[in-house]
1. Taking only pairs six or more apart or across chains, which ones have beta-carbon atoms under 6 Å, a first residue in region A:120-149 that is closer than 28 Å to A:Cys199 by Cβ, and a second residue that is of a type in the set (Ser, Thr, Tyr) and in a loop (DSSP other than H, G, I, E, B)?
2. Where the second residue is of a type in the set (Lys, Arg) and the first is surrounded by fewer than 18 Cβ atoms within 10 Å (Cβ to Cβ) and lies in region A:72-93, which pairs have Cβ atoms under 8 Å and are six or more apart or on separate chains?
3. Only one residue in A:Leu103, A:Leu81, A:Leu162, A:Leu137 is within 18 Å of A:Ala54 (Cβ to Cβ), not in a helix (DSSP H, G or I) and not β-branched (Val, Ile, Thr), so which one is that?
4. Hey, any hits in region A:229-246 for a residue that's of a type outside the set (A, V, I, L, M, F, W, C) and touching an Asp or Glu at 6+ places or on another chain (Cβ under 6 Å)?
5. For the condition facing another protein chain (nearest Cβ under 8 Å) and either β-branched (Val, Ile, Thr) or within 24 Å of A:Glu89 (Cβ to Cβ) (or both), what is the one hit in A:Val375, A:Val385, A:Val336?
6. Listed residues A:Val114, A:Val97, A:Val67; which is on the phi < 0 side of the Ramachandran plot, away from every other protein chain (no Cβ under 14 Å) and in contact (Cβ under 8 Å) with a residue 60 or more places away in the chain?
7. Can you tell me which residue within region A:425-446, out of those that are at the interface with chain B (Cβ under 7 Å from one of its Cβ atoms) and either basic (Lys, Arg) or not in a helix (DSSP H, G or I) (or both), is nearest to B:Gly35 (Cα to Cα)?
8. Would a scan of region A:191-211 turn up a residue that is touching a strand residue (DSSP E or B) at 6+ places or on another chain (Cβ under 8 Å), surrounded by fewer than 21 Cβ atoms within 10 Å (Cβ to Cβ), acidic (Asp, Glu) and within 22 Å of A:Ala440 (Cα to Cα)?
Amino acid sequence: MSEETAMNAFDRRTFIKALAAASGASILSIPNAHAAKTRARVVVVGGGYGGATAAKYLRLLDASIDVTLIERETRYTSCPLSNEVISGEREIKTLQVGYKGLLKHGVKVVHDEVTEVDPAKKIVTTAGGKHFAYDALVLSPGVDFNYAAVEGYSEQLAQTKLPHAWKAGPQTLLLKKQLQAMPDGGKFIIAVPKGPFRCPPGPYERAAQVALYCKYHGKKKAKVLILDANDSFSKKPLFEQAWKELYGYGPDGMIEWTSAANDGAVTRVDAESMTCFTGFGDHKGDVINLIPPHHAGKVAKNLGLATFKDKWCEVKPESMESTKQKDIYVIGDACVGGELATNNAFPKSAHMAMTQAKVVVANLIAKFNGLPPPVPVYTNTCYSVVAPDWGFSVVHLYRVENGQWVYIKAGSGISPVTFGTKEAPLPVPRIYRKLEAEYADGWLRNVLADAFA
Amino acid sequence: MRKGAMAVALFWAAGSAMAAMDIEVLARTCNNCHGVGGISAGTSMPSIGGLPRDYLKNVMKQWKYDERGAATMNRIVKGFSDDEIDALATHFSKKRWVPVPQKTTAALMKKGKSVTFENCEDCHGAKGDDPDEDAPMINGQWAKYMTLELEKYRDDGFKMPHRKMKKNTRKLKQADIPAAAHFFGAQGQ
């Protein structure tokens, strides 16, 4: 892995050199409205995948727009592929990026916390006492956690004894340390909240990465127990197939999954005795990775935008504009969208956040220039890696018809589980799994570059 | 009016230009994995900006109609109309091909030169910079991606339609694969 990491670092440098060698405008070759004198002011709140993409593309497409990005942290850590950090397959620094790339595009980056938004006066106020007037406000605040939903849990416990690591960073490293310290024969519990939650396949990929670590680090008798508040999950047949083949699955295997119907939902935790309590049972763990329920980040929630189940922000399909507040757009994990009636909601993924950001940008550029709104298209690609040579994905495509999101089944779906026919299934050749494990890394490098470089 | 603004105005001006704008919107979703301008930043993902239009078109249509295997792309393109595929191919073919010359070793280059002279040069050119609809440029394409592609051609589980590529790649020894990929990956403009 270290050799691979060194090579990747080199490749990144050569890539940047190649980009610099090509002349700016021609390589970007996006219709450029440099001469447009709209001088519109856009404030973007939140510098994750969604917010960074929105800020960058606004400047790329119309350099006359005044773009301010407000973000607490000075460095971003990608949640996608952070499960590989827990198993030691990846260094956390390969997931980290700063905001210099955005500065280069002329984005004003302010490291501060938004304390108030006045949608009537269109002013954003920060903890640092600064005020920012806007013509359009893009909120990409991610999620905030509801610790009170699990009795006995708290933010303080999450930072010390019971990490959720559902925002990549210090807790990811803490969880890794706890895994390393776990004795052989120990139990690693992953408690999954009721959906929708950030990164639908994340808990199950994490189970595989934890099992991968145990298998090759003298913990073959370890148990990874998933206690789930749901009765199904993303890419389920692909995960179950891989778990079974790689780590053993079920009561006798290394990985075990307990659905909500089987009393899997954790309602209480006792940090002292390291016990998770469900409706009727209790489970002691050596490591407890408790992912609490979460909701739209508080900037959006405090504004009253989280109208969907009091958790997520509803937006307009053609523009991602809030259905509650004019000129405020909500993207990324904080929003809800997609074909809800058929249970085909937008997955809360980095890729989705970025395509939503691009929809907002295309819409705003047209609006500022007095042009008709472009027809949006929403895509998602999400890889899960269960072993260094075993990955798979799900892709999604949504279009907007008659003002509604339409899930396009033909352009969506998971990697094949089997080949052959239903009656005579054949195993999928291993090269497919290997390719998608490799593509996951290529995807990561590209989304980081597309959003932040 | 400066050139940029004119281009934008023209884009949005007429009804027929709306379709062109939609392709820009659609093409931007490709950037997530293939980079802005189709210049990939990930070693396992190919750069696609500046590749021959007919090559891009053919490959996407072969995926769409299950004439060519893929791990991911075959699912993605099935949601696009043939017209969209044509427009995406045109869009990316108009970009500039930007090789990302990668580091290699003298030994790999030496071996790569002889392997590619024997097996690749006729169609791809000595430096991989002689493209046509069947054989895209591969100078400065990611070596990792090309290694994976060659493995696809050599694997019976993969449906790859190009007879000659299949035949030639299967003549190679395992050690020839990285040598050929790194040789072309190291080539510049």
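The values are calculated or read from the model by the stated rules, or taken from the named source; none is laboratory data. All values reported here derive from a predicted model rather than from experimental measurement. Cβ coordinates were reconstructed from backbone atoms using ideal geometry, including for glycine residues, and neighbour counts include every protein chain displayed.
1. Partner pairs satisfying both residue conditions: A:Tyr147/A:Tyr153; A:Tyr147/A:Ser154.
2. A:Gly88/A:Lys176
3. Residue meeting the stated conditions: A:Leu137.
4. No; the residues of region A:229-246 include none that is of a type outside the set (A, V, I, L, M, F, W, C) and touching an Asp or Glu at 6+ places or on another chain (Cβ under 6 Å).
5. The unique qualifying residue is A:Val375.
6. Among A:Val114, A:Val97, A:Val67, only A:Val114 is on the phi < 0 side of the Ramachandran plot, away from every other protein chain (no Cβ under 14 Å) and in contact (Cβ under 8 Å) with a residue 60 or more places away in the chain.
7. A:Arg445
8. No, every residue in region A:191-211 fails to be touching a strand residue (DSSP E or B) at 6+ places or on another chain (Cβ under 8 Å), surrounded by fewer than 21 Cβ atoms within 10 Å (Cβ to Cβ), acidic (Asp, Glu) and within 22 Å of A:Ala440 (Cα to Cα).
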